[in-house]
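Notes for the one structure printed next.
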Amino acid sequence: MEKHALALAFGLLCTPTLALAGIDDIAETDFVKKSSLEFGTHNIWKYLDEGETDKRNVHSAWGQGLALDYKSGYLSDVIGVDASYYGVIKLAAADNFASRGILYNDDGKAKGFNKLGQFYGKAKFSEGGVDANLYGGWKLIKLGAVTTSMRAAPNTYAGWSGDISYDAYRLRLAYLTKSSNRDSPDKVDFMTSDSRSINSIYTGDFQIKTDSLTALYFYGETEDYLRRNGLEMNIKQNKAITYGVQIYMTEGLEKWNSMANSKKDFDTRANHYAGDVTWKYHRWVTKGGLAYTDANKDGGIGMYPRHMSKNSRGTFNAMTTAGLDYMRDEEKVLSLDVGYHITPEVVLGINTHYGFFDYEGQSVQEEEFNVYSVWKPQSKKLKDLSLFFMIGPGRTYEHKGTAPVVDSHGNIKNANSFAAEFRLNYTFKIF
């Protein structure tokens, strides 16, 4: 009865129409009986000591995230309501902390925050092997050209989304109008790089999934700003070997083309091509990849932009996902990740990238080498607990905007960095 009482309280808050029915009748509906409430804790610390902008900066932040996720059952097996509350407590922060994406930047001061990050209605349909869902409101979105990124709290989006699936096929669509960033309680517009408002992002994807192949094509467009096509494939040769392919193609539209050159990552088009191979052998998991970027820019080094706008997060699942690095124009990248299961619960590994390209006759390299460890207990009571730690050095080049900084002899200056990250996540069901 305790579970039913808590679920009933949420149901009454989220769906006032239910309050018109009898209390006993409400308690016996699937809306209440099949509801759930989870509590999650997300402790994260990120540190970066770098000199890319012609001076040394230490970006460091440590926050404790809290999440309360309510999911209702379905009224008449059709309609429901979900909601999520997120809070972040500031534990520590360097003066220059903003790029860590953990704490709220309140006029230059690092602070904690809280927000109702998700609140949406949902409807479902199932008939003859066809399953469909429709969502409206503030929601986590991992769909098409847009995704959700998690630090101490996630970013969420306002709008409509839905999916329909049959057998090995799935189609998903979304229309989004606002967002709330992972490090802020504010509800904000999508923005161009020169801070002009964007009304909407619409996107979708189509997936085919079989035992040996997963292929996903997606399309997305930020209104009058960027258009993106993407293809992601995973081909399973056998239990030990899997191949991956990622192709991302982006085109500038009217608002992009009208921006000042200094605000652009590329002139008119930017493409990123990547492939990888994963090999599993006993306790070893080895993944190696190659990547190439085509992003020409007049007067600077162009780059492929991962995100569809300011205040959105773009879908990007290549091994080269590492901030702004490894996606420069004509850059060739080698990536390697090797993990070893010391025990079934503990993985120790290395992750490294090496990228190189030419700029005005000079060879430019950027690289990093990280050691990491992951612990995921196998106990049923702790199955949703995980601990991650990574640390290592890196090197890139100094730049101002997209233009490299050169010394008195005309040589591009190198910039060394050192980074570390710690995450401790735990989620458990209240009911």
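The values are calculated or read from the model by the stated rules, or taken from the named source; none is laboratory data. None of the values given here were measured: they were computed from a predicted structure. Cβ: placed from backbone, ideal geometry, glycine included. Neighbour counts: every protein chain shown. Quick note on the areas: whole protein, heavy atoms, side chains included, nothing else; ligands and nucleic acids left out. Shrake-Rupley method; radii C 1.70, N 1.55, O 1.52, S 1.80 Å.
Observations on the model:
- Normalised by residue count, the chain yields a Cα convex hull volume of 155 Å³ per residue.
- Calculated FRET efficiency for the pair residue 199/residue 408, C-beta based, R₀ 56 Å, to 0.05: 0.70
- The chain: relative contact order as a whole-number percent, Cα under 8 Å and 6+ apart: 12
- Rounded tilt (10° steps) of 2-14 against the dominant C-alpha axis of the chain: 70
- In angstrom, the C-alpha Rg and Dmax of the stretch 319-394 are 16.7, 59.
- Tail beyond 25 Å, pair distance distribution of the stretch 58-183 (Cα, percent): 36
- 306, 269, reordered so the largest accessible area comes first (probe 1.4 Å): 269, 306
- The stretch 159-233 and the stretch 314-349: distance between their alpha carbon centers, rounded to Å: 23
- Residue-averaged 222 nm ellipticity for the chain, from DSSP H runs of 4+ at -39500 (n - 2.57), nearest 500: -1500 deg cm²/dmol
- For residue 431, distant residues with modelled amide H under 5 Å away: 37
- Nearest-20 debye value, the chain charge dipole, Cβ charges on Lys, Arg, Asp, Glu: 1020
- Where trypsin sites (Lys or Arg not before Pro) fall in DSSP loop in the stretch 319-388, at most 12 other Cβ within 10 Å: 383
- Spatially proximal lysines relative to residue 383 (Cα-Cα < 16 Å; intrachain offsets below 8 disregarded): 429
- For the stretch 280-431, the relative contact order works out to 18 percent when only alpha carbon pairs closer than 8 Å and six or more residues apart are counted.
- Exposure check, 1.4 Å probe, all protein chains in place: residue 265 carries approximately 40 Å² of accessible surface.
- Taking each of 90/239; 115/376; 122/209 in turn, the alpha-carbon distance tops 32 angstrom for 90/239.
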